[in-house]
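What follows is a short report on a single structure.
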Amino acid sequence: MDDERYIPASLDDWKRSEAYQDSFLIEKGDHVLDAVVKNCVEHGLRDIAVAPSQGKFLNLLVKSLGVKRYLEVGTLGG
């Protein structure tokens, strides 16, 4: 690879990519999730959760690998 032509992705590039993926992967109007997020914001919890599309990807990995049990650590406000 020619190092002079390589341009690393910026944070804005990743945000645009995530917004695009979320536009067709994430259903709008999940009232429970919306309430949890609102409650976290109201109580000053930091926004360190995985993005919904990342959560869907993790779910896909677990299902495709046939995992019987898994442990989620660090649910924070969820």
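Could you tell me the number of lysine pairs in the chain with C-alpha atoms less than 18 Å from each other, where the two lysines are 8 or more residues apart or belong to different chains? For the chain, the number of qualifying lysine pairs is 4.
Annotation note: chymotrypsin sites (Phe, Trp or Tyr not before Pro) in the chain located in DSSP loop regions with a Cβ neighbour count of at most 14 within 10 Å are 6, 70. Divided by 2.2 N^0.38 Å, where N counts the residues, the Cα radius of gyration of the chain comes to 1.43.
Read-outs: derived from the displayed coordinates by stated rules, not from any lab. No experiment lies behind these values; they were computed from the predicted model shown. Every residue, glycine as well, gets a Cβ built from its backbone with ideal geometry; the counts of neighbours run over all protein chains shown.
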